[in-house]
Amino acid sequence: MEFGKRNLITKNNMSEKTFQEDNWSSEHGDEYNKRNPHNIEEMDALYTKEYGNITRTDLNKEFLDSLPRDIKILEVGANVGSQLDGLQKMGFTNLLGIDINREAIETSKANLKGIDIILGSALDLPFQNGYFDLVFTSGVLIHISPDNMKQVISEIVRCSKKYIWGFEYFADNYTEIPYRGKSNLLWKANFAKIYLDANPELKLLKEKKIKYQNSENYDDMFLLEKNV
């Protein structure tokens, strides 16, 4: 689906970037794009390697299979669009992504048909309040500084009419993780709880923690609903 310009609010100032945004929008982010899956088949293979007998497609169906296929969905931090590719192959038709890395967006144009990814920041989403039925992140909140998390969460909640879906590294408390020799780029936390603590109108519909095969680390998938 192509989302018309009338649905966008021109508000992003891409010239003023946080430290994290500067890294992910530059060569650092370009290298990330090259390393990671470019479609749902590659993503499923990665999940099987990391978690064992489970794929991203399995998780998508477990959490979203009951939802109407024509709902409006936004992915924040869509990268090259592999997650959106998976949702399209499930039958979802109204899909849009936003990402801060230009090269990822250019790559997505070769990978995706009928799905747009636009340039923008999670800190200032250029959409009307409640425009999307579902807004989600996958491995994105982990790269947002704790100092900016409240603003990002607020933007995601603002743009969603009903559902918020997430899949992120899990820890009971905020914990920084060194990222390829760099600091201040990666964290794990209880992101579902962060949403719920900051937004009393949200309720938790479903949550699943998934253990890595070769470590004691967990990822957490959660589906939240606005109680309005």
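Taking Cα centre as origin and charging only the Cβ of basic (Lys, Arg, +1) and acidic (Asp, Glu, -1) residues, the dipole magnitude of the range 39-100 rounds to 140 debye. log₁₀ I(q)/I(0) of the range 62-129 at q = 0.11, 0.15, 0.28 Å⁻¹, via Debye over equal Cα point scatterers, no solvent, to two decimals? Summing over Cα pairs of the range 62-129 leads to -0.25, -0.46, -1.24. Charge dipole of the range 68-215 (Cα centre as origin; +1 on each Lys and Arg Cβ, -1 on each Asp and Glu Cβ, all else neutral): 420 debye, rounded to the nearest 20.
Could I get the Rg over Rh figure for the range 120-198? Both from C-alpha atoms, Rh via Kirkwood, rounded to two places.
On the Cα set of the range 120-198, Rg over Rh gives 0.98.
In a Debye calculation with equal point scatterers on the alpha-carbon sites of the range 102-146 and no solvent, what is log10 I(q)/I(0) at q = 0.15 Å⁻¹? For the range 102-146, the Cα-only Debye profile gives -0.53. Listed by number, the DSSP H helices of the chain that run 18 Å or longer by alpha-carbon position along their axis and have mean Kyte hydropathy of at least 0.5 come to an empty list. Size descriptors for the chain (Cα atoms only): Rg and Dmax, in that order, 16.3, 48 Å.
Taking N as the residue count of the range 74-208, its C-alpha radius of gyration divided by 2.2 N^0.38 Å amounts to 1.04. Find, among the chymotrypsin sites (Phe, Trp or Tyr not before Pro) in the range 123-197, those assigned to loop by DSSP (not H, G, I, E, B) with at most 13 other beta-carbon atoms within 10 angstrom. Hits after loop and neighbour filter: 174.
Ordered by the number of other Cβ atoms lying within 10 Å of each residue's own Cβ, fewest first, 48, 175, 137 fall into the sequence 175, 48, 137. Annotation: average projected area of the range 16-68 is 5.8 square nanometres, based on the convex hull of Cα atoms across all directions. Among the GluC sites (Glu not before Pro) found in the range 131-225, those both in a DSSP coil and sparsely packed, with 16 or fewer other Cβ atoms within 10 Å of their Cβ, are 201, 216.
Per-residue ellipticity at 222 nm computed for the chain from its helices equals -10000 deg cm²/dmol, with DSSP H segments shorter than 4 residues left out and the rest contributing -39,500 (n - 2.57).
Rule-based calculations on the coordinates, nothing more; no lab input. Quantities reported herein were computed from a predicted structural model and do not represent experimental measurements. FYI the Cβ positions are ideal-geometry reconstructions off the backbone, even for glycines, and counts take in every protein chain you see.
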